[in-house]
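First up is the structure itself, then whatever we jot down about it.
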Amino acid sequence: TDAEGNETRYTYNDRGLLIQTTDAEGNATTYEYDALDRVAKTIDALDGETIYAYDSMGRTVSETDAEGNKKTYTYDALGRTKTETDGAGNKTTYTYDPVGNLLVTTDANGNETKTEYNAINAAVKQIDGEGNETTYTYDKVGRLLTETDALGGVTAYTYDLAGNQLSVTDPEGNVTKYIYDLLGRAVEQINADGSKTRTVYDALGRTTESYDELGGKTATTYDANGNQLTVTDPKGNKTSYQYNRKDQITVITYADGGETHYTYNALGNVSEVTDQNGNATKYTYDALGRTHTETNAVGVVTEYGYDKVGNTVSVTKDGTVIAKSEYDGAYRVIKTIDGLGNAGTKQYDGVGNVLVSTDREGNATQYTYDKNYNLLKTTDAEGGVSSSAYDALGRVVSATDENGNATTYTYDKNGNVLTETDALSGVVTNTYDARGRVAATTDKLGATTTYTYDAAGNLRKETDANNAYAVYQYDANNNLIQYTNRNNEWVKYAYDCMNRQVKETNQLNHATEYEYDLAGNQTAVIDGNKNKAIYTYDGLNRLVSKTNAEGGMFEYRYDSFGNTAGTTMYGGGDEKAATTYAYDAAGNLLTETSPLGSVTTYTHDKEGNVLTQVDENGKQTAYTYDKLYRMVSRKDADGTATFAYDKAGNMTSAKDGNGTVAFAFDALSRTTAVTNEDGTTTAYTYDAASNRLSITYPDGKAVTTAYDSLGNVKSQTDHDGTGITYTRDAEGRTIKEGHSDGSTTEYDYNAAGLLTLQKEVTKSNSTRRQTAYTYDDAGNIVSENRSGVDIDKKDELVRYYYDKANQLIRTNIEGKNTKYSYDLAGNLLSDGTNTYTYDLQNRLVSKTGKDGTTTYTYDAAGNLIKKAAPDGTTEYTYTAQNKLKTGK
């Protein structure tokens with residue numbers, strides 16, 4: 001009887017052998033014995049039988065599960081396991097030396113792993129399936145001193161007299177040291193960069209305080225049973241735990257007061273979890289303790305079915321089977337079946353690597369491996385082959401795509417990537433600090449970015465190739481609290497007790513605030529003007545509505561399977577614009593019904609690719625795909641378009657009734673040429689960093705582009721030598737444009753990165769036009785001061801005013817006001833000159849002004865088919881792809 005009063009009963013036969021156990025819920029497991037009192041059969045609570053057979057020495061020679069899968073074992077003369085064969089017939093063989101050390105393990109694929117030993121039976125060499133050797137040395141008392149990998153990298157260990165590990169030196173020579181108390185407990189770790197962490201223990205050896213590299217303390221308290229009662233983070237935020245009499249967690253109380261509750265059944269399985277918002281998920285179990293049903297907080301029931309050995313064979317949601325699985329004798333999934341009955345299959349080698357994966361359309365991908373089971377080659381369903389090569393430590397040294405283009409890699413002794421060289425010999429180089437963090441990266445053009453970190457590993461400084469740097473600052477919980485960019489402009493961040501960002505303030509003191517519910521869902525965003533947008537969620541923490549500060553609302557609905565079933569946008573008055581969606585049992589979209597009732601329908605192949613789409617006008621478009629599900633044809637009432645691809649998936653041609661467009665690519669899959677239907681070609685070139693250097697048009701004229709070391713455009717030059725040059729600040733923002741006629745355009749920005757001044761300067765250095773901007777706390781333009789706009793007009797000041805949704809509601813130009821109004825969907829209703837009306841799909845249906853009313857008519861697909869204006873009517877027709885064809 002446990003601490004909660006739950007009783008487990010045991011029954012014995014007259015020989016004292018246990019023949020039955022019955023748990024607190026009445027589920028019984030029965031045991032049968034052979035004549036030698038060995039367990040011959042176990043029968044679980046669902047009548048699943050496991051049968052055991054023994055040899056004359058009492059050793060298990062076979063175990064047959066309830067599905068009939070039989071594992072077998074053989075032994076050598078000394079009783080050591082010689083072979084193990086799983087239920088799928090895969091056999092592993094073991095050989096030993098005379099004293100029982102395992103010498104060779106031969107797996108079901110025939111690959112061998114070997115071990116050699118010294119005189120005290122300690123492993124001194126391990127040889128993997130590819131023949132790569134790892135060697136070990138020991139001190140006189142058998143402690144590991146060195147481990148030398150297959151490429152000669154050495155990890156070294158030292159110890160104190162008590163046998164505690166004092167230091168570990170990695171293959172690059174970085175040393176981590178440890179300090180112990182008198183009880184042999186590690187109390188301090190000194191990292192290779194000199195940073196330290198500390199641990200404090202109570203009298204029972206439990207960690208009560210831990211200090212990170214910056215001195216931040218995490219404190220833990222315990223109850224009498226050793227359960228954690230509280231954990232307090234470095235900022236003083238406390239999480240508390242409560243337990244039942246079986247030491248199972250019943251309540252977690254977070255620093256913000258939110259609580260998660262757990263209840264259990266008599267067998268100790270979780271029966272209900274209630275989150276911080278009071279949303280409960282309930283569980284039931286079968287007689288073997290496996291999850292039978294899961295009822296989520298919105299009442300959707302998911303039911304799980306199992307075979308006799310516990311493999312999940314079906315998942316049913318609200319009465320609909322959405323997935324089935326089948327297994328081989330080694331319990332590996334060999335078939336998955338979706339809710340429509342479409343099946344995909346897998347084939348495995350003897351150790352569980354997938355050899356062939358066949359999708360629901362019957363398209364197969366094949367895989368081959370080396371003797372260490374690194375993936376060597378993947379052959380896709382179209383015959384494309386990608387491959388990888390590895391070094392002796394199993395690290396990828398080259399990866400070759402389906403077009404034969406290879407990327408190669410080199411590593412340091414610790415396995416960090418030193419260089420990555422692409423198929424055109426472009427190289428990215430990395431260096432690392434003593435903690436294995438990237439210290440510098442040099443790109444393919446030779447530009448270097450360096451990184452420095454604080455003791456806790458947070459990025460503190462990032463310096464670019466121009467020696468401009470950005471700085472990061474953190475709080476005691478390692479949350480970013482200030483970012484200062486390369487222009488010395490900063491943004492500060494504040495967090496709540498759950499480490500959620502609650503405020504973002506820029507250098508101009510413009511702030512955006514965030515609010516959350518107890519479950520961590522973001523419930524509000526408050527902009528710099530104190531306008532609040534509100535978000536609500538359902539019991540599964542899915543977004544169900546968002547409402548702006550003017551009351552405009554957008555709602556979401558979900559079906560039992562988690563698909564978006566509908567959306568509703570609220571317009572003016574009581575108008576509701578609802579869009580609904582329907583899906584099949586595999587989650588494919590079948591229909592989309594617009595707010596005005598027009599329907600778009602879809603059909604799909606077994607993999608979920610769209611085969612046909614019938615739009616609201618009844619126009620059908622049909623699609624076909626290759627075996628990699630790249631679209632190869634699109635057919636509609638206007639004809640058929642076809643598409644071709646290279647083995648790496650780049651589209652090489654597109655053909656329709658107008659002709660063929662061909663595309664050429666380099667080894668990095670960058671477009672190098674486009675040949676149009678008329679046979680003319682446009683060519684492209686790139687630098688090593690994939691910046692486009694030139695475009696050469698069919699007439700031979702070229703536009704060239706130059707870049708700075710950060711990849712920003714520095715200049716663009718046309719074929720006639722004219723062009724634009726760009727000067728940028730440290731953040732890459734354009735501060736000056738130089739034009740071929742000697743004139744310039746200059747730009748200034750505020751600390752928030754918003755444009756404050758645009759000035760056009762003539763060749764003779766006189767200001768031709770200048771516009772100055774100011775902004776409100778939400779980043780909206782509130783004034784525009786124009787000078788020299790044109791020769792006959794005086795300078796003018798324009799002011800802008802906004803509503804709570806940051807929609808423009810008034811402009812004032814030199815004292816003249818223009819007002820604007822909107823409906824709740826954000827559609828413009830009036831602009832001081834015209835009034836506008838819209839349908840439920842937010843399409844403009846009328847515009848009324850001093851000259852009369854213009855009406856707009858649409859077809860079911862939303863195409864404008866008629867515009868009736870006071871001065872005449874224009875009608876429009878469209879192609880099958882709803883592209884404008886005529887207007888008259």
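Of note:
- Condition check for Ala778: within 30 Å of Asn485 (Cα to Cα), of a type in the set (Gly, Ala, Ser) and touching a residue at least 60 places away in the same chain (Cβ under 8 Å): yes
- Identity of the residue in region 2-21, within 20 Å of Ser271 (Cβ to Cβ) and not hydrophobic (A, V, I, L, M, F, W, C), that ends up modelled with the lowest pLDDT: Glu4
- Across region 349-360, the number of residues qualifying as in contact (Cβ under 8 Å) with a residue 40 or more places away in the chain and either among the polar types (S, T, N, Q) or surrounded by 16 or more Cβ atoms within 10 Å (Cβ to Cβ) (or both) comes to 4.
- Close Cβ contacts (under 7 Å, 6 or more residues apart or on different chains) running from residues in region 755-772 that are more than 13 Å from Ser743 (Cα to Cα) to residues that are in a loop (DSSP other than H, G, I, E, B) comprise Thr756/Asn750; Gln770/Gly788.
- Scanning region 1-28 for residues that are of a type in the set (S, T, N, Q), in a loop (DSSP other than H, G, I, E, B) and more than 51 Å from the chain's Cα centre (by Cα) yields a count of 1.
- Only one entry in Tyr373, Tyr304 is touching a residue at least 12 places away in the same chain (Cβ under 8 Å), assigned to a loop (DSSP other than H, G, I, E, B) and either of a type outside the set (Asp, Glu) or surrounded by fewer than 16 Cβ atoms within 10 Å (Cβ to Cβ) (or both), namely Tyr373.
- Residue match in region 436-443 (condition: closer than 23 Å to Lys371 by Cα and not in a strand (DSSP E or B)): no
- Close pairs from region 806-818: first within 18 Å of Arg786 (Cα to Cα), partner basic (Lys, Arg) and in a loop (DSSP other than H, G, I, E, B), Cβ under 9 Å, at least 6 apart: Glu814/Lys794
- Some residue of region 541-552 being surrounded by fewer than 18 Cβ atoms within 10 Å (Cβ to Cβ), at pLDDT 95 or above and in a loop (DSSP other than H, G, I, E, B): yes
- Members of region 376-390 found to be crowded, with 17+ Cβ neighbours inside 10 Å and not in a strand (DSSP E or B), listed by number: Asp380, Ala381, Gly384
- Here the condition is being of a type in the set (Asp, Glu), touching a residue at least 60 places away in the same chain (Cβ under 8 Å) and under 30 Å from Gly446 (Cβ atoms); of Asp687, Asp605, Asp615, Asp638, it holds for Asp687 alone.
- Number of the exception - Gly597 against (1) assigned to a loop (DSSP other than H, G, I, E, B); (2) buried (at least 16 other Cβ atoms within 10 Å of the Cβ): (2)
- The listed residues are Leu829, Leu808, and the only one of them that is among the aliphatic types (A, V, I, L, M), surrounded by 12 or more Cβ atoms within 10 Å (Cβ to Cβ) and modelled with pLDDT under 95 turns out to be Leu829.
- Meets criteria (out of contact with any His (no Cβ under 9 Å at 6 or more places or on another chain), farther than 21 Å from Asn488 by Cα, in a strand (DSSP E or B) and of a type in the set (Gly, Ala, Ser)) for Ser783: yes
- Filtered residue count, region 759-779, keeping only those that are farther than 21 Å from Asn506 by Cβ, within 44 Å of the chain's Cα centre (by Cα) and not basic (Lys, Arg): 1
- Among the residues of region 847-864, those identified as under 10 Å from Asn834 (Cα atoms) and assigned to a strand (DSSP E or B) are Lys847, Thr848, Gly849, Gly852, Thr853.
- Pick from region 314-325, criterion part of a strand (DSSP E or B) and surrounded by fewer than 16 Cβ atoms within 10 Å (Cβ to Cβ), ranking: nearest to the chain's Cα centre (by Cα): Ser314
- Some residue of region 180-196 being part of a strand (DSSP E or B), closer than 30 Å to Gly415 by Cα and of a type in the set (Lys, Arg): yes
- Set side by side, the residues Tyr516, Tyr469, Tyr474 differ, and just one is of a type in the set (Phe, Trp, Tyr), over 30 Å from Val427 (Cα atoms), touching a Lys or Arg at 6+ places or on another chain (Cβ under 6 Å) and buried (at least 17 other Cβ atoms within 10 Å of the Cβ), which is Tyr516.
- Candidates Val761, Val798, Val782: the one that is among the hydrophobic types (A, V, I, L, M, F, W, C), farther than 21 Å from Thr734 by Cβ and out of contact with any Phe, Trp or Tyr (no Cβ under 9 Å at 6 or more places or on another chain) is Val798.
- Selection status of Gly573, out of contact with any helix residue (DSSP H, G or I) (no Cβ under 6 Å at 6 or more places or on another chain), among the small types (Gly, Ala, Ser) and at pLDDT 95 or above: no
- Of all the criteria given as (1) at pLDDT below 95; (2) under 26 Å from Asp47 (Cα atoms); (3) within 29 Å of the chain's Cα centre (by Cα), the one not satisfied by Ala266 is (3).
- Selection from region 250-278 of residues that are in a loop (DSSP other than H, G, I, E, B), touching a Phe, Trp or Tyr at 6+ places or on another chain (Cβ under 9 Å) and within 30 Å of Thr232 (Cα to Cα): Asp256, Asn269, Gln276, Asn277
- Sole residue being under 24 Å from Gly152 (Cβ atoms), among the hydroxyl-bearing types (Ser, Thr, Tyr) and under 27 Å from the mean Cα position of the chain (by Cα), chosen from Thr429, Thr450: Thr429
- Taking region 60-71 as the range and being surrounded by 13 or more Cβ atoms within 10 Å (Cβ to Cβ) and not hydroxyl-bearing (Ser, Thr, Tyr) as the test, the residues that pass are Val61, Glu63, Asp65, Ala66, Glu67, Asn69, Lys70, Lys71.
- Test: residue in region 125-136 that is more than 14 Å from Lys413 (Cβ to Cβ), of a type in the set (Lys, Arg), part of a loop (DSSP other than H, G, I, E, B) and more than 37 Å from the chain's Cα centre (by Cα): no
The values are calculated or read from the model by the stated rules, or taken from the named source; none is laboratory data. From a predicted model like this one, the values you see are computed outputs, not experimental measurements. Virtual Cβ from ideal backbone geometry, glycine too; neighbours counted across all protein chains shown.
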